[in-house]
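Written out below as structure tokens is the structure these notes cover.
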Amino acid sequence: APYNILVEDGQVHDIDEEDEDRWCEYIMYRGLYRTSYARISRGSITDTELQIGQFALPKHGTRVTNETHTARYLRSHKEALPEYHWFPMEYYGNEIQGGVNGHFYHVFGTPLYYNFPENAAV
């Protein structure tokens, strides 16, 4: 399958392999630290959404220190990250209320945030 070719042969990481509710829409990355991931939906159009990821570059002259699954899936509260990695609060809501112009955080109901692995140089 194309997904396996990208992940295994291409040696890229899925932004969140635990998100099984995607249909042929994936954000892949390599050589970066993932800090957050969100899905924003348009309530009145059931098959329309936006997937957004935020990343941090390793410090110039360094590489990602630990790319193990455990290191990449260190979930975090947003408050543990610098504020510039937070997604906007305005998009909390659902198809009935909240969000901005019918757009709201979808699937998880909130963005997902990830800690940097130990000894990460950013």
Original post:
Counting only residues that are closer than 30 Å to T62 by Cα and among the charged types (D, E, K, R), how many does the stretch 85-122 have?
Top reply: 1
Original post:
From the residues in the stretch 8-27 that are of a type in the set (A, V, I, L, M, F, W, C) and touching a strand residue (DSSP E or B) at 6+ places or on another chain (Cβ under 6 Å), which one is surrounded by the most Cβ atoms within 10 Å (Cβ to Cβ)?
Top reply: I15
Subject >> Whichever residue in the stretch 92-111 is open to solvent by 60 Å² or more (accessible area, probe 1.4 Å) and of a type outside the set (A, V, I, L, M, F, W, C) and, among such residues, is nearest to L50 (Cα to Cα) >> reply: H103
Original post:
Which of the residues spanning the stretch 75-86 are open to solvent by less than 60 Å² (accessible area, probe 1.4 Å) and out of contact with any Lys or Arg (no Cβ under 8 Å at 6 or more places or on another chain)?
Top reply: S76, K78, L81, P82
**OP:** Scan the stretch 4-18 for residues that are closer than 13 Å to Y29 by Cα and in a helix (DSSP H, G or I) and jot them down.
**Re:** L6, V7, E8
**OP:** Those residues that are at pLDDT below 90, among the polar types (S, T, N, Q) and surrounded by 15 or more Cβ atoms within 10 Å (Cβ to Cβ), I need them from the stretch 28-68; list them, please.
**Re:** S41
Subject >> Residue pairs meeting the criteria (Cβ under 6 Å; at least 6 apart or on separate chains; first closer than 12 Å to S36 by Cα, in the stretch 77-91; second in a helix (DSSP H, G or I) and of a type outside the set (V, I, T)) >> reply: W86/K78
Original post:
Within the stretch 58-66, can one find any residue that is touching a strand residue (DSSP E or B) at 6+ places or on another chain (Cβ under 9 Å), within 15 Å of P111 (Cα to Cα) and aliphatic (A, V, I, L, M)?
Top reply: no
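The values are calculated or read from the model by the stated rules, or taken from the named source; none is laboratory data. Since we're looking at a predicted model, the values are computed, not measured. With ideal geometry, Cβ positions are generated from the backbone for all residues, glycine too; neighbour counts draw on all protein chains shown. The area values use the complete protein model at the heavy-atom level, side chains included, leaving out ligands, DNA and RNA. Shrake-Rupley method; radii C 1.70, N 1.55, O 1.52, S 1.80 Å.
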